[in-house]
Amino acid sequence: MGPAHPAMHGVVRLILELEGEKIVHTDVEIGYLHRAFEKHAEAETWNNVIPWTDRLNYVSPLINNVGYALAVEKLAGITIPERGQYLRVIASEISRVTDHLTCIGASAMELGAFTAFLYLIKAREYLYQLVDQLTGARITTSYTRVGGVKADMPEDFAEKCKTVFRQVREAVVDTDKLLTKNRIFMDRVDGTGAMSKEDALAYGITGPFLRSTGVPYDVRRAHPYLVYDRFDFEVPVGTKGDNFDRYLCRFAEIEQSLRIVEQCFVQMPKGKHSLEPKEMKDAFEYQDEGKHGDTALLAKYKAKVDQTLQGGQRGDRPDVLTQDPIFVMPAKEDAYGSIEGLMNHFELVMWSWGIKIPAGEAYSAVEGGNGELGFHVVSDGSDRPYRVRCRPPCLYIMAALPQLLKGSWVADVIPTFGSVNMIAGELDR
Amino acid sequence: MITPELRRAEAANNFEELKALKEQGYNVLVDITAVDYSAHPRSAIVQRFDVVYQVMKLDPATGQDGGRVEVHCAVGEAPVLRSVMSVWPGADWLEREVWDMFGVGFVDRPTIKRLLMYEEFVGHPLRKDYPIAKRQPLIGPESGELADSPSFNVVRPTIKYD
């Protein structure tokens, strides 16, 4: 089943050895979408790698952004402000929902359930519009930075999320009514593509695949990162490890992710929208104070600048970006108003200066749509990574595909491969 | 926060170390990767490549991570390690990728082939001496004649402004 096949998610080649209709042996050829992410990451500065990470698992790009930023911050030893952490959680969970919607929708479509596909893609569309408002793009989001996130969320984001989540839940319920007890769907999916717990662990598989076999391993529970230890959510676990269990696991995880985002909005600390007006001084007062030597108070006040100053933003987002000057650019008012800000700006922007992460190596993992998405980052102390290794969760599942498909019919390849949720961007990098 | 316990192993007995870890209960092989230290300014570098194995002890009943170990094996210019495929079957593809990207060979396993690149690829791309914009020899039919499509194996000339 060649690289260009309508039921292959992305480009991958399966060479099946058949005996009649039964599969005797499978050979999996990958690498058709290899775009040298790891090599390019060595040639870019630390923040410039983030657009490359968008393109890894392209149906849940924000999770890749968050994973990479967390690995670099672990190596640098910094933690970001709390509001930034909540924003990262919101972004990750919305991305996780889009990943699961795409997986279930596409595999349902391949089995013939075109309506289910359209319902879920409609729901995904609403979520992409949300992501667009939060980050500026639907899938090439590049939302995180080393030290925080790019910008705070829009003012009415919480209300928009409430509306959209209602629509997503309706679509999920409709699809559930169409598929879960559907005779045709269950005949294709129930009992096919089963894998045992021990095999899944031996292959290094994680994520919904492992959870469907009965092991409740979730990186958000085993190694809580960001603020995941503050939320009340369940980790759905299956029993038989077949395609039907994986479908049910993913469906249940959608609901849990939506719950997490709703709890985020309740728990999130107040942000820039509650800044006190008297903390802002006019720019000329700011300059005057500096000129006659009253520099002690300059760090306390931010200059209130004219709207026409390009890029002028109050305080350069202190709620979502860590204010450590080694990693983050100063506010424009500081860059134009004080020599320290100007120097800080220059040092971060000049060629071969920039963010310097101390030498060493670190591994950090987040829970991606398919499992444990790890980044192993090696630094040599310069402004570029020395080595970035992305541990793609679907590589292990694809390595186990020959065993999954052994002894099954050719027609079982379609639901099995759909439930594997192979994303070529992540598999081949 | 994931804090694996770091260990070093000799290239000669990486298999024994990893098998011992498996027997101690580290049932999941998380990752095998390699780093080419030839362009690193660190003074204490002895060997060129560092192959990193990460294993995890996962309790299947509770899903809790019981500890991780990162084993670093320093290997030199023409490195060959023993494969751990017999211990964890998932190591097959990971070793193929390390061979493909770095040229670190593994023995005691079926013939190693490239995973991500095509078979006729020359070189090992993630090594530091492989430039990022390197061109590969063109591959085509054995007879040397061009296929029907005009774009097959033809390098288009750049635009000339006359």
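How many of the residues making up the stretch A:176-212 are aromatic (Phe, Trp, Tyr) and part of a loop (DSSP other than H, G, I, E, B)? Please lay out each step first, then the result.
Pass one, the stretch A:176-212, residues aromatic (Phe, Trp, Tyr): A:185, A:203, A:209.
Still in the list and also part of a loop (DSSP other than H, G, I, E, B): none.
Counting residues in the stretch A:176-212 that are aromatic (Phe, Trp, Tyr) and part of a loop (DSSP other than H, G, I, E, B) gives 0.
Out of all the residues in the stretch A:78-98, is one or more buried (at least 24 other Cβ atoms within 10 Å of the Cβ) and of a type in the set (Lys, Arg)?
yes
Within the bounds of the stretch B:5-25, is there any residue that is under 30 Å from residue A:358 (Cα atoms), within 11 Å of chain A (Cβ to nearest Cβ) and part of a strand (DSSP E or B)?
Yes.
Does at least one position in the stretch A:17-32 carry a residue that is assigned to a helix (DSSP H, G or I) and touching a helix residue (DSSP H, G or I) at 6+ places or on another chain (Cβ under 8 Å)? Write out each step before concluding.
Residues of the stretch A:17-32 that are assigned to a helix (DSSP H, G or I), as a first pass: none.
No.
Quick one: in the stretch A:37-67, which of the residues that are touching a Leu at 6+ places or on another chain (Cβ under 8 Å) and over 27 Å from residue B:39 (Cβ atoms) is surrounded by the most Cβ atoms within 10 Å (Cβ to Cβ)?
Top of the filtered list is A:57.
Take the conditions part of a loop (DSSP other than H, G, I, E, B), of a type outside the set (Asp, Glu), under 21 Å from residue A:387 (Cα atoms) and more than 11 Å from chain A (Cβ to nearest Cβ) and apply them to residue B:78. Does it pass?
On the way: part of a loop (DSSP other than H, G, I, E, B): yes; of a type outside the set (Asp, Glu): yes; under 21 Å from residue A:387 (Cα atoms): yes; more than 11 Å from chain A (Cβ to nearest Cβ): yes.
Yes, satisfied.
Only one residue in A:131, A:168, A:173, A:215 is part of a helix (DSSP H, G or I), free of Cβ contacts under 8 Å to residues at least 40 places away in the same chain and β-branched (Val, Ile, Thr), so which one is that?
When all the criteria are applied, what remains is A:173.
Do we find a residue being acidic (Asp, Glu), more than 11 Å from chain B (Cβ to nearest Cβ) and touching a residue at least 24 places away in the same chain (Cβ under 8 Å) anywhere in the stretch A:20-42?
Pass one, the stretch A:20-42, residues acidic (Asp, Glu): A:21, A:27, A:29, A:38, A:42.
Retained after the next criterion (residues that are more than 11 Å from chain B (Cβ to nearest Cβ)): A:21.
With touching a residue at least 24 places away in the same chain (Cβ under 8 Å) added as a condition, the list becomes A:21.
So far as the stretch A:20-42 goes, yes, one or more of its residues are acidic (Asp, Glu), more than 11 Å from chain B (Cβ to nearest Cβ) and touching a residue at least 24 places away in the same chain (Cβ under 8 Å).
Any idea which of (1) surrounded by fewer than 22 Cβ atoms within 10 Å (Cβ to Cβ); (2) within 19 Å of residue A:88 (Cβ to Cβ); (3) within 8 Å of another protein chain (Cβ to nearest Cβ) is the one residue A:225 doesn't satisfy?
Checking residue A:225 against (1) surrounded by fewer than 22 Cβ atoms within 10 Å (Cβ to Cβ); (2) within 19 Å of residue A:88 (Cβ to Cβ); (3) within 8 Å of another protein chain (Cβ to nearest Cβ), the one that fails is (1).
For the stretch A:212-221, enumerate the residues that are closer than 19 Å to residue A:202 by Cα and either within 12 Å of chain B (Cβ to nearest Cβ) or within 18 Å of the chain's Cα centre (by Cα) (or both).
Going residue by residue through the stretch A:212-221, those that are closer than 19 Å to residue A:202 by Cα are A:212-219.
Listed by number, the residues that qualify are A:213, A:214, A:215, A:216, A:217, A:218, A:219.
Working only within the stretch B:1-58, note down all residues that are of a type in the set (D, E, K, R) and over 15 Å from the mean Cα position of the chain (by Cα). Give the derivation first.
Taking the stretch B:1-58 first, the residues of a type in the set (D, E, K, R) are B:5, B:7-8, B:10, B:16-17, B:19, B:22-23, B:31, B:36, B:42, B:48, B:50, B:57.
Scanning the stretch B:1-58 gives B:5, B:7, B:8, B:10, B:16, B:17, B:19, B:22, B:23, B:42, B:57.
Where a number appears in this text, it was derived from the coordinates with a stated rule and is not lab data. From a predicted model like this one, the values you see are computed outputs, not experimental measurements. Note: ideal-geometry Cβ built from the backbone for every residue, glycine included; neighbour counts use all protein chains shown.
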